Amino acid sequence: MPEITVSTQGMSLEMFSITAIYIALNALVMLGLAFMVVRARQANAKAGMTLGDARDNWIRAHANNTEYVPIALLLMASVEFLGGPAWFLHGFGIVLTVSRLLHGYGRGAADGANFGRFYGTLGTWIAIAIGALAVLFLSIF
């Protein structure tokens, strides 16, 4: 069998090591939200409830996380690939992860506007906006 080799063309083997931390942490957030969805669905089935009931907040929390986290992590990986500083990457990752935890709990645990939903959404949007601007800056300059 022929040997397969991969050329890194000057890239460090440690490339994406910071992003990898936040990919793992956000995967655990996603798994936690998925677990809450299963619990909500089981509770709904036992109570004879259907979609649209209050317990389905966890489904929306999980879906919302699925919508925002991939693009945020792609932006983070792009910043790291383009040579962004470690302090920026950790700051981005912490804001994203804490924001997703806040939003997930705020959206899943209660109906309506609340602290977790508001600041979780705000933090996520700020992280994505700053990440997009950082990628543009590092790509152009």
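Here, each number is a calculation from the coordinates, and none is a lab measurement. Quantities reported herein were computed from a predicted structural model and do not represent experimental measurements. With ideal geometry, Cβ positions are generated from the backbone for all residues, glycine too; neighbour counts draw on all protein chains shown.
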So how far apart, in nm, are the two label points at A34 and A86 if each is 7 Å from Cα heading toward Cβ? 3.1 nm
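Can you compute the FRET efficiency between L133 and D111 using 1/(1 + (r/R0)^6), with r the Cβ-Cβ distance and R0 = 41 Å? Round to the nearest 0.05.
On the way: r = 34 Å, r/R0 = 0.83.
Efficiency, rounded to the nearest 0.05: 0.75.
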Once both label points are put 7 Å beyond Cα along the C-beta direction, the A43-A20 separation in nm becomes 3.8 nm
Could you list T66, T97 in order of exposure, starting from the residue whose Cβ has the fewest other Cβ atoms within 10 Å? T66, T97
